[in-house]
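Shown next, in C-alpha cells, is the structure this report addresses.
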Amino acid sequence: MTDYTPPKVWTWNKENGGAFANINRPIAGATHDKELPVGKHPLQLYSLATPNGVKVTVMLEELLALGHAGAEYDAWLIRINQGDQFGSGFVAANPNSKIPALVDHSSDTPVRVFESGAILIYLAEKFGAFLPPDYPARAEVLSWLMWQMGSAPFLGGGFGHFYAYAPTKIEYAIDRYAMEVKRQLDVLDRRLAESEYLGGPDYTIADIAAAPWYGAVVKGLAYGDAAEFLSAHEYKNVIRWTDQIFARPAVQRGRMVNKVMGEPETQLWERHDASDFETKTQDKLAPAT
C-alpha cells in the first residue's frame, strides 16, 4: 500500500482521474452552448443506457405496455464521454449534469425532472402505475427505491470505479467497496427470499430502479469479471429476481434505448417511435446531427 499524505489544500489534477478524467471536474455549470432537441412527443428524455438511464426507459416502455399512450417519448442520446451533459440546454434540464433528464411538455409550462428516482416517482404518479397508492405498501416501495438510490454510488462510483476503471489498483479501496457490495447483495437476497419483488408481491418502481444495477452485476454484465470476483452465484434469490425482470419484453426494449455499446442488435441509439425497435434502420441507430 502506498502512503499518501493529503496536502493542506486540495488542487485539481486532471491527469489523475482514471477512465473518466476527461469529464470529471470540481465545478458545475455549462461548458458550451448547445440547445436540446425536442421531438414530437410530450415526454422528452435525454439519456444514455447506463443503469440510471435504463431505469427510465424501462419505466416508459412498461407504461406503454400497460396501454398508457401518453407515455410515448423521444429518447435523445447524451454521450457523457464526450461532455454532452455540460451543454447549456442539458444543464438547464439538470443543473447536476448527470443523465437522465426528462422534460414533460404536456402542459403550458414544461416540467423538468432530474435524478432517476425522482423521474420514476413522477411517472408513476402521473400515470398511476408501479407505485401503490395506499400505505403501508407505498412506504415499502419508496423505502426500497431510496435504498437503491443511496446504495448504488457505493456500487458504481465505489466498487466499479476502483475495481474496473481506476488508473491504479488500490487493495484497500477494492476490499472496502467489495465488502460493501456483497453486503448490499445480501440485503437484496434476504429480502427476495421472503418476497417475490422488492416492494412486495407486485412489480414496482423499486424493481425498475434496482435491477439495472444489481441485476447487471449478478449476470456478469458489469465491471468485467466482477461477478466472479464477488461470488455473485451465491445470491440465488437476486439471480431469480433478475431473470424474472430481464425476461419482461418492456425491460428488454428499455435496455436497448440509448445503448451504444455491445452487440449492434442490442442497440437503439435514439428512440422516437415504437416502430424503431422493429425497423432499426441506420438513420434511427445514428444520433441526429
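Being over 19 Å from residue 207 (Cβ atoms) and more than 17 Å from the chain's Cα centre (by Cα), is that true of even one residue in the range 111-124?
There is at least one residue in the range 111-124 that is over 19 Å from residue 207 (Cβ atoms) and more than 17 Å from the chain's Cα centre (by Cα).
Suppose we keep only residues that are outside any helix (DSSP H, G or I) and hydrophobic (A, V, I, L, M, F, W, C) within the range 57-77. Which one would you say is surrounded by the most Cβ atoms within 10 Å (Cβ to Cβ)? Please lay out each step first, then the result.
Within the range 57-77, the subset outside any helix (DSSP H, G or I) is 66-68, 72-77.
Going one step further and asking which of them are hydrophobic (A, V, I, L, M, F, W, C), we end up with 66, 75-77.
Values: 66: 13, 75: 29, 76: 24, 77: 22.
My answer is 75.
Considering only the range 215-248, how many residues are in contact (Cβ under 8 Å) with a residue 60 or more places away in the chain and either surrounded by fewer than 16 Cβ atoms within 10 Å (Cβ to Cβ) or not charged (D, E, K, R) (or both)?
7
I'm trying to understand the selection: among the residues of the range 1-25, which are among the acidic types (Asp, Glu) and either modelled with pLDDT of 70 or more or touching a helix residue (DSSP H, G or I) at 6+ places or on another chain (Cβ under 9 Å) (or both)?
Matches in the range 1-25: 3 only.
Is there a residue being more than 21 Å from residue 150 (Cα to Cα), in contact with a helix residue (DSSP H, G or I) (Cβ under 7 Å, 6 or more places away or on another chain) and surrounded by fewer than 18 Cβ atoms within 10 Å (Cβ to Cβ) anywhere in the range 175-195?
yes
Could we say that residue 144 is more than 23 Å from residue 44 (Cα to Cα) and touching a residue at least 40 places away in the same chain (Cβ under 8 Å) here?
Criteria met by residue 144.
Please give the number of the condition residue 130 fails out of (1) out of contact with any Phe, Trp or Tyr (no Cβ under 9 Å at 6 or more places or on another chain); (2) at positive phi.
Going through (1) out of contact with any Phe, Trp or Tyr (no Cβ under 9 Å at 6 or more places or on another chain); (2) at positive phi one by one, residue 130 breaks only (1).
Okay, residues lined up against (1) of a type in the set (S, T, N, Q); (2) over 15 Å from the mean Cα position of the chain (by Cα):
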| position | (1), (2) |
| --- | --- |
| 209 | no, no |
| 217 | no, no |
| 233 | no, yes |
| 238 | no, yes |
| 254 | no, no |
| 257 | no, no |
| 260 | no, no |
| 266 | yes, yes |
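Is there any pair linking a residue in the range 112-129 that is touching a residue at least 24 places away in the same chain (Cβ under 8 Å) and assigned to a loop (DSSP other than H, G, I, E, B) to one that is buried (at least 19 other Cβ atoms within 10 Å of the Cβ) and of a type in the set (A, V, I, L, M, F, W, C), with Cβ under 7 Å and at least six apart or on different chains, and which?
From residues that are touching a residue at least 24 places away in the same chain (Cβ under 8 Å) and assigned to a loop (DSSP other than H, G, I, E, B), the pairs are 129/63.
From 202, 207, grab the single residue that is assigned to a loop (DSSP other than H, G, I, E, B) and either among the basic types (Lys, Arg) or closer than 24 Å to residue 139 by Cα (or both).
Numbers: 207 fails: assigned to a loop (DSSP other than H, G, I, E, B).
Result: 202 is the single residue among 202, 207 that is assigned to a loop (DSSP other than H, G, I, E, B) and either among the basic types (Lys, Arg) or closer than 24 Å to residue 139 by Cα (or both).
Could you please let me know if residue 168 is modelled with pLDDT of 95 or more, of a type outside the set (D, E, K, R), surrounded by fewer than 21 Cβ atoms within 10 Å (Cβ to Cβ) and assigned to a loop (DSSP other than H, G, I, E, B)?
Considered against the rule, which asks whether it is modelled with pLDDT of 95 or more, of a type outside the set (D, E, K, R), surrounded by fewer than 21 Cβ atoms within 10 Å (Cβ to Cβ) and assigned to a loop (DSSP other than H, G, I, E, B), residue 168 comes out as no.
From the residues in the range 78-129 that are among the acidic types (Asp, Glu) and more than 19 Å from residue 209 (Cβ to Cβ), which one is surrounded by the fewest Cβ atoms within 10 Å (Cβ to Cβ)?
Among residues in the range 78-129 that are among the acidic types (Asp, Glu) and more than 19 Å from residue 209 (Cβ to Cβ), the one surrounded by the fewest Cβ atoms within 10 Å (Cβ to Cβ) is 108.
The values are calculated or read from the model by the stated rules, or taken from the named source; none is laboratory data. Fair warning: this is a prediction, and the values are worked out from it, not measured in the lab. Using ideal geometry, Cβ is built from the backbone for each residue, glycine included, and neighbour counts are taken over all protein chains shown.
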